[in-house]
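I have placed the structure first, in the form of structure tokens, so that the comments after it can refer back to it.
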Amino acid sequence: MRDIWESRTSFVLASIGSAIGLGNIWRFPYVCYANGGGAFLIPYLVALLTAGIPLMILEFSLGHRISRPAPLALGHLKKGFEVLGWFALLVGFGIVTYYAVVMGWCFNYLKFSFNLAWGTDTQAFFFNDFLKLSDSPMQIGGIQWWIALALVLTWVCVIAAIWKGVKTVGKVVYFTVIIPWVILIVLVIRGITLPGAIEGIKFYLTPDFSALLNYQVWLAAYSQVFFSLTIGFGVQITYASFLPEKADVVNNAFLVSFANNATSFIGGFAVFSALGYYSSQSGLPVSEVVQSGPQLAFVTYPTIISMLPIAAPVFGVLFFIMLLTLGIDSAFSLVEAGAASIIDKFKVKRVHANIGFGILALVIGIIYTTRAGLYWLDIVDYFMNNFGLLVVGLIQCFAVGYFYSFDDMKDFLARKAGDRSIFSIPAKIVKLREYANSKSDFSIGVWWDFCVKYLTPVVVGSLFIINVAERIKSAYGGYSRIAEFLGGWVVIILFIAVAVILYKKKEKE
Ligand code: PFF
């Protein structure tokens, strides 16, 4: 008997928790600013409506329909698509190995917050004292033990949170979703009541429409939507596979997507109001205080925290607790999806799957705790997002758009007739859309087929081709070709190989 969510709320919160993560706070505001400010909201919304929400509906319906984790669910469409499911999980695995390291930094910074240990030169503190960043990816240097220890702590927390699968997850998410929301509201209120806040917010939202003509902006919008909604990771399919027969697919997909995007948008206010304050205190223009990804949380934010007139350490502690609680349910969603897939196919014991996963991810993550860690993190992050998630999303559209048919389901229905009679489907249901509608309060129209079959594949496929061409022209981010090769292409090829091996291995009955 498979586990199921104990309530609709548990499922919705778990799915929201997976979507809302570090990406909403440090990725979204910066990506938005770097790609046309307020105007970025247009491609972002287009990507959300044409790819994000349709794919969320797709993942929920497929998971619910087949009621097996991602690889096995996709394998029901056509046997070979199982490889795609494993590849999706591996891409997620690639992401979670460094994501956990960033959470490890948060643990360290949580401790630093108590006495504002980062001092006045937060930039030097982060890069030189804390990361001890070397000069290039090839200069690995030693392991930074405080980061490695925090990484162990992160993995202990993650594995504890999924210890008994969805039974534990369904309870933990009440805390890991609600706590960061409450803290975010506190930080937004604190941010917008600081002097200069309005300048920062203006900066965040003032549109630069010329950016819309740049394909990079569209690429950023699509990859941010995929990353942020945890689509293409195999997670949402797996989470939906634990739904009881009576569940609402379409409504839940909209709910999760909107909750996630509202959080990103509001997160932008917390970040940019604080940047406006920083700018007004330092005399530097806002454009000069905006920093990308890690710098924003670990350099700029600590600076701003130290500047606060009252209770500075309290806001430091709140900020890093928020990041940790945001990150943990994204991280464990991926681990749960991976463990559930291994358990389902190979009938491994849950304890073994949990511990095996944790140890493997921890060992791989050690590379990011070295002095060159940040470089490798950057390269792997880029490749996983642009060559991993987007490709999974693309092929998934293709698989469902063109291979989901009632005929393919016959075998499934025959095999499952015994234990899952509740899933018997009237013969007239030949499309996943019809299935989704049969399970939902409100129906989706042919626009969904259009997005899944034509629009998303064409847009994402074109972006992918342009991106490959770019990488042929020059190495990513000014790194050496060898570093790009090792951190990018080798990882992708390795994941494809492992996905094929997992697919070929015989399923245990
Ligand atoms: N949706 C998450 C975020 O926006 O931060 C991304 C994520 C990362 C999900 C790692 C799952 C994961 F394992």
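The values are calculated or read from the model by the stated rules, or taken from the named source; none is laboratory data. None of these values were measured; they are calculated from a predicted model. So basically every Cβ, Gly included, is an ideal-geometry build from the backbone, and we count neighbours across all protein chains shown. The accessibility values were calculated without ligands, DNA or RNA, using every heavy atom of the protein model including side chains. Shrake-Rupley method; radii C 1.70, N 1.55, O 1.52, S 1.80 Å.
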Pairs returned, first residue in the stretch 328-347 that is more than 14 Å from the ligand (Cβ to nearest atom), second residue that is acidic (D, E), beta-carbon separation under 6 angstrom, 6 or more apart or interchain, are K345/E507
**Message:** Just to be sure before I move on: is L13 open to solvent by 30 Å² or more (accessible area, probe 1.4 Å), part of a helix (DSSP H, G or I) and in contact with a helix residue (DSSP H, G or I) (Cβ under 9 Å, 6 or more places away or on another chain) in the structure I sent?
**Reply:** no
Taking the stretch 45-92 and keeping residues in contact with a Ser or Thr (Cβ under 8 Å, 6 or more places away or on another chain), under 24 Å from A331 (Cβ atoms), away from the ligand (no atom under 16 Å from the Cβ) and among the aliphatic types (A, V, I, L, M) leaves L72, A73
For helices (runs of 4 or more DSSP H) lying entirely in the stretch 53-130, having 3 or more residues that are modelled with pLDDT of 95 or more picks out 82-113
Checklist line | Boolean, T120 is closer than 30 Å to K246 by Cβ, more than 16 Å from the ligand (Cβ to nearest atom) and open to solvent by 30 Å² or more (accessible area, probe 1.4 Å) | finding: no
Checked A240, A247, A253, A297 against criteria (among the aliphatic types (A, V, I, L, M), crowded, with 18+ Cβ neighbours inside 10 Å, within 24 Å of V102 (Cα to Cα) and within 25 Å of the chain's Cα centre (by Cα)); the one match is A297
Looking across the stretch 206-219 at residues that are surrounded by 18 or more Cβ atoms within 10 Å (Cβ to Cβ) and modelled with pLDDT under 90, the single one that is farthest from the ligand (Cβ to nearest atom) is A211
Checked the stretch 1-44 for anything away from the ligand (no atom under 16 Å from the Cβ), under 19 Å from Y174 (Cα atoms) and either within 15 Å of the chain's Cα centre (by Cα) or not small (G, A, S) (or both); matches are D3, I4, W5, E6, R8, T9, F11
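What residue, of I237, I266, is under 25 Å from G200 (Cα atoms), more than 10 Å from the ligand (Cβ to nearest atom) and of a type in the set (A, V, I, L, M)? Lay out the reasoning, then the answer.
Working: I237 fails: under 25 Å from G200 (Cα atoms).
Only one candidate passes the filter, namely I266.
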A259 fails exactly one of (1) in contact (Cβ under 8 Å) with a residue 40 or more places away in the chain; (2) open to solvent by 10 Å² or more (accessible area, probe 1.4 Å); (3) more than 15 Å from the ligand (Cβ to nearest atom), namely (3)
